[in-house]
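J.: Sharing a structure with you now.
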Amino acid sequence: MASPSLQRKAVFLDRDGVLNRAVIRDGKPYPPATVSEMQLLPRVEEALATLKAAGFMLIVVTNQPDVARGTTPRAAVDAIHAYLQAALPLDEIRCCFHDDYDACNCRKPKPGALLAAAAEHNVSLADSFMVGDRWRDIEAGHGAGVRTVLIDYAYCEQAASCLSDYVCGSLFDAAQWILSPKNQETTRA
């Protein structure tokens, strides 16, 4: 294993509600079904560019169970990811296509996808962050040992335990907090 000083730092990002607008039905968020439904949220490009310039890897970790449920073709999700990778300075998109009953390790709230990405890219979890808009994202971040940021849209869903290190209203706000001197003092460059 590489020495800690050679490890990278990352911001793990949920997709829907963090990078792009989620489709809200009955107070609950759902993913866009096609690229034509994709709407990047305000200041996302600016937030990601700032984080990237500060030396963070940008790794999307998203659950897309509609593929397992048969309501969204995998090709549609792959097209959305190709669009995001072309439009944004992302290093990787890790997608779990399973549903809860599959009991996989990569589906949030389990931290498997974050842990696998950290191992593959030599990421220091202690120096990294998870930004999400749902309790599953925050729990996955806790399980991986990263600091967590909740973008709070006050969804109508039960949160098992959604105590994040910071709560804000957008990825831009999250990036400002991540890059604050207080947080950077506790991370290794």
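J.: Identify which of 37, 46, 120 has the largest mean-square fluctuation in a Gaussian network model of the chain, with springs joining Cα atoms closer than 10 Å.
T.: Top of the fluctuation ranking is 120.
J.: Quick check on the chain: helices-only [θ] at 222 nm, where DSSP H runs of length 4 and up contribute -39,500 (n - 2.57) each and the sum goes over total residues. Nearest 500, please.
T.: Result for the chain, helices only: -9000 deg cm²/dmol.
J.: Any lysines with Cα under 21 Å of the residue 9 Cα? List them, leaving off those in the same chain fewer than 8 positions away.
T.: Partners found: 52, 108, 110, 182.
J.: Compute the distance in nm between two label points, each set 7 Å from the Cα along the Cα-to-Cβ direction, one at residue 28 and one at residue 116.
T.: So the two model labels end up 2.6 nm from each other.
J.: From the backbone phi of the stretch 55-63, what are the Karplus-calculated ³J(HN,Hα) couplings (6.51 cos²θ - 1.76 cosθ + 1.60, θ = phi - 60°) in whole Hz, Gly and Pro given as x?
T.: x, 8, 6, 10, 10, 7, 10, 10, 8
J.: For the chain, set up a GNM with springs between Cα atoms under 10 Å and report which of 29, 73, 109 has the largest fluctuation.
T.: 73
J.: Between the stretch 9-77 and the stretch 88-151, what is the separation of their alpha carbon centroids in Å?
T.: 13
J.: By how many degrees, between 0 and 90 and to the nearest 10, does the Cα long axis of helix 74-87 differ from the longest principal axis of the chain?
T.: Between the helix axis and the principal axis of the chain, the angle is about 40 degrees.
J.: Okay, moving on. Give, rounded to the nearest 20 debye, the magnitude of the charge dipole that the stretch 31-153 has about its Cα centre when Lys and Arg contribute +1 at Cβ and Asp and Glu contribute -1 at Cβ.
T.: So the magnitude is around 120 debye.
J.: Amide H to amide H, which residues 5 or more places from residue 8 or on other chains are under 5 Å from it, using H placed in the peptide plane?
T.: 123, 124
Values in this text are rule-based calculations from the coordinates and carry no lab data. As the structure is a prediction and not an experimental result, all values here were calculated from the model. Because the Cβ atoms are built from the backbone with ideal geometry, glycine has one as well, and the counts that use them run over all protein chains shown.
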